[in-house]
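Enquirer: Can you read through this structure? Questions will come right after.
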Amino acid sequence: MAHGPGLTLNIVEKRFDPLATPVLDQFTLNIAPGSVVALVGPSGVGKSTILRLVAGIDRLFSGRITVDGIDADKAHPPGFVFQDPRLLPWLTAIDNIRAADGKMPQATALQALAQVGLNGYGDAYPHQLSGGMQRRLALARALAINAEVLLLDEPFVSLDRALVNEIHGLLAELVGAKRPTVLFISHLAEDAARLADRVVVLAGRPARIVDDIELPTSRQQRDGNIINGYIRRIESAASTKTGTKL
Amino acid sequence: MVRIPQISTPTTDKDKRRLRDRPGLEYLSLPLLLLVWQVLAMAFTNRLFPSPVAVSKEMWFLATEGRLLLDLGKTLLRASAAFVISMVLGTVLGILLGRQHWVDRLFSTWLLVGLNLPAIVVAILLYIWMGLTEGALILAVIINKVPLVITNIREGVRSFSPDYDELARALRMPMGRRLRLIFVPQLLPFVLASARTGLSLIWKIVLVFEVLGSDGGVGFRVSLFFQLFDITGILAYTTAFILVVMAFEYGVNRPIEGKVVRWRMDPA
């Protein structure tokens, strides 16, 4: 089965203030093709910065990020889901999805809408949708471009649990079907335990990888016990290695 | 059985909104104004305070027998030329000042001077330098209007959300699409606001400048009526002019605004 590309991050240095300690210094991370990696760690450690560098939103750093050997900013654009839905309020739902790719056919956008359960809301403006629906729309926009790399910056923050479970199911289904390479941030161990193949725990300034946990059981076979076991393991790693509770 | 009619009072926000947005209320505005005018005219019964009916008759006479349409056309042409040039120039410069901080700092005093320069002084100076020409009149209006457009547009550009720029970068939008999908929609409400205030200002300035020195136009004709104390003529010209402005507001400005900022409407 075809799968997403491998990601290689070799960040020599990333700093926001020339006088302050860099956020990232000699930071290296390799992500296997088609894997789902969760980045966890205390807030402000640099998780979002990493995602923004991979997405090419922020290009002010020294080092190299490659997607299957190609510089990330020259590779196919990733699907990116921000912490907030970041929809364009002047465009309808369908046009928000099509904004992701100028050549996207209407049918593809409609299919993406249906995929996230927003059938019939194509002509609605973002302000006419609830917060949860806006999140789903943002996810649909990221999925519609058929990206081989998905970057999700706390996509589940401030969502009710029912919706989170729904989106978990949607993502698990997508990952199973298309095998994109996924890098996501979550402050909840449960999100990582349900979705990830690998959990990278970050701490300190500059950020260091303090733990790297493989979750070997496939997503389909993870029952409540396995997920609870993973949650305990991730939480324990986070609290002992970073001193913070997830 | 006798049914007791119920009086509904707006209790919820939805009810209040329905009352506020009741269709047709704004159509009562003009008849109400005419009614007040008519009552005042009947109360004063003086040739210096003609009634709306007398003014309408005079307007019809001036349009069919006089030079009303010709004068209106002249003024509208001047106002349109000044408006289009001011908007284009002001928008370009406003974007430049909003995006480039050093340009903004360099020209901030110029802008302040432009905003506070009395319109009449500009007109007098240009009439002296360039003579009583069409170009001098239009240039004077532009000089008065451009600083206002620049200020509006600059503030608009400054208020652009960096979040949307990030989104554009994440989606790798090419410049053309970025302009169309991110830049222009954020700018348009400010352009429309500038257009609306600009238009009302330009009409007024053009008329004043026509009074000051011109060979025709609404302002020029009003100044002649003033010398003859012909209040009916003054009001006939003013009313005709206001009708044109209102036709533009309801026929052009509002429909465009309704389409462009539809996404800002309240949820149903």
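The values are calculated or read from the model by the stated rules, or taken from the named source; none is laboratory data. Predicted model, so just to flag it, every value in this text is computed and none were measured. Here the Cβ positions follow ideal geometry from the backbone for every residue, glycine too, while neighbour counts run over all protein chains shown. Accessible surface is based on the protein model in full, side chains and every heavy atom, while ligands, DNA and RNA are left aside. Shrake-Rupley method; radii C 1.70, N 1.55, O 1.52, S 1.80 Å.
Enquirer: If you take each beta carbon of peptide A:56-63 and count the beta carbons of other chains within 10 angstrom, what is the mean?
Expert: Per residue, the average neighbour count from other chains is 2.
Enquirer: Same structure, new question: Which lysines have a Cα lying under 22 Å from the Cα of A:K245, excluding residues fewer than 8 positions away in the same chain?
Expert: Reachable lysines: A:K47.
Enquirer: Whole percent per 10 Å bin, from 0 to the bin with the longest distance: what is P(r) over all C-alpha pairs of chain A?
Expert: Values per bin, smallest distances first: 7, 31, 36, 21, 4, 0.
Enquirer: Using 0.36 nm per residue of separation minus the Cα-Cα distance, give me the extension gain between B:N46 and B:V252 in nm, one decimal.
Expert: Residue separation times 0.36 nm, minus the Cα-Cα distance, leaves 70.4 nm.
Enquirer: Shifting gears a bit: Compute the accessible area of each residue in the range B:166-207 twice, once for its chain alone and once with every protein chain present, using a 1.4 Å probe on heavy atoms, and list those whose area falls by at least 50 Å².
Expert: Residues losing area: B:E166, B:L167, B:R169, B:A170, B:L171, B:R172, B:R177, B:L181.
Enquirer: Roughly to the nearest percent, how much of the accessible area of chain B is carbon and sulfur, given a 1.4 Å probe?
Expert: 69 percent
Enquirer: Moving on to the next point. I need the peptides B:181-191, A:182-192 ranked by packing, meaning the mean over residues of other C-beta atoms within 10 angstrom, with the highest value on top.
Expert: Answer by packing, highest mean first, reads A:182-192, B:181-191.
Enquirer: Could you tell me which helices of chain A pass both thresholds, a Cα extent of 18 Å or more along their own axis and a mean Kyte-Doolittle hydropathy of at least 0.5, with helices taken as whole DSSP H runs?
Expert: The qualifying helices are A:161-178.
Enquirer: Also, I was wondering about something else. Once every DSSP H run of n ≥ 4 in chain B is given -39500 (n - 2.57) and the sum is divided by its residues, what mean residue ellipticity at 222 nm do you get, rounded to the nearest 500 deg cm²/dmol?
Expert: When only DSSP H runs of four or more count, the value is -24500 deg cm²/dmol.
Enquirer: For the range A:129-149, list residues with backbone N below 15 Å from a point placed 7 Å from the Cα of A:H3 toward its Cβ?
Expert: Hits in the range A:129-149 for A:H3 at 15 Å: A:148-149.
Enquirer: Cα convex hull of the range A:42-186: how many Å³ per residue?
Expert: Per residue, the Cα convex hull of the range A:42-186 comes to 124 Å³.
Enquirer: Across the residues of B:156-164, average count of Cβ atoms on other protein chains within 10 Å?
Expert: Counting other chains' Cβ atoms within 10 Å and averaging over B:156-164 gives 1.
Enquirer: Once label points are set 7 Å from the Cα along Cα→Cβ at both B:V245 and B:I124, what is their separation, rounded to one decimal in nm?
Expert: Roughly 2.5 nm, to one decimal.
Enquirer: Moving to a separate point now. With each run of n ≥ 4 DSSP H residues scored as -39500 (n - 2.57), what mean residue ellipticity at 222 nm is computed for chain A after dividing by its residue count and rounding to the nearest 500 deg cm²/dmol?
Expert: -10500 deg cm²/dmol
Enquirer: Please list B:193-206, B:251-264, A:157-170, A:78-91 highest first by mean number of surrounding beta-carbon atoms within 10 Å per residue.
Expert: Result, highest mean Cβ count within 10 Å first: A:78-91, B:193-206, A:157-170, B:251-264.
Enquirer: Here's something else I'd like to know. Please state the shape class of the range A:82-146: rounded when a/c is under 1.5, otherwise prolate if a/b exceeds b/c and oblate if not, all from the C-alpha gyration tensor.
Expert: Because its axes are fairly even, with a/c under 1.5, the range A:82-146 counts as rounded.
Enquirer: With the Cα gyration tensor of chain B giving a ≥ b ≥ c as the square roots of its eigenvalues, does the rule (a/c under 1.5 for rounded; else a/b larger than b/c for prolate; else oblate) give rounded, prolate or oblate?
Expert: Here chain B falls in the oblate category.
Enquirer: Which of the aspartates and glutamates could a cross-linker bridge to B:K259, judged by Cα under 19 Å and excluding same-chain residues fewer than eight apart?
Expert: A:D95, A:D123, B:D21, B:E249
Enquirer: Can you give the extra length, in nm with one decimal, that the chain gains between A:R59 and A:D71 once fully stretched, where that is 0.36 nm per residue apart less the Cα-Cα distance?
Expert: Gain on stretching A:R59 to A:D71: 3.2 nm.
Enquirer: Just to verify a number: FRET efficiency for B:L89 and A:D223, C-beta to C-beta distance, R0 = 56 Å, to 0.05?
Expert: Rounded to the nearest 0.05, the efficiency is 0.25.
Enquirer: Between B:S56 and B:V36, what length in nm is gained on full extension when 0.36 nm per residue of separation is reduced by their alpha carbon distance?
Expert: Using 0.36 nm per residue and subtracting the Cα-Cα distance, I get 5.6 nm.
Enquirer: Can you tell me the accessible area per residue over the protein assembly as shown, all protein chains present, probe 1.4 angstrom, in square angstrom?
Expert: That works out to 53 Å² per residue.
Enquirer: For A:85-98, what's the mean count of beta carbons from other chains sitting within 10 Å of each residue's beta carbon?
Expert: For peptide A:85-98, the averaged partner shielding equals 3.
Enquirer: Ordered by packing density, taken as the mean number of other Cβ atoms within 10 Å over each peptide's residues, highest first, how do B:27-35, A:10-18 rank?
Expert: A:10-18, B:27-35
Enquirer: Using a probe radius of 1.4 Å on protein heavy atoms only, what is the accessible area buried between chains B and A, both sides summed, to the nearest 100 Å²?
Expert: Its buried surface, counting both partners, is about 2000 Å².
Enquirer: Based on DSSP H assignment, which helices of chain B show an axial Cα extent of at least 30 Å together with a mean Kyte-Doolittle hydropathy greater than or equal to -1.0?
Expert: Result, helices passing both filters: B:68-99, B:134-158, B:184-212.
Enquirer: Using Cα centres only, tell me the gap between the range A:34-64 and the range A:94-147 in whole Å.
Expert: Here the two parts' Cα centres lie 25 Å apart.
Enquirer: So which aspartates and glutamates pass the test for B:K57, namely a Cα distance under 19 Å, with those fewer than 8 places away in the same chain ruled out?
Expert: Partners found: B:E65, B:D71, B:D230.
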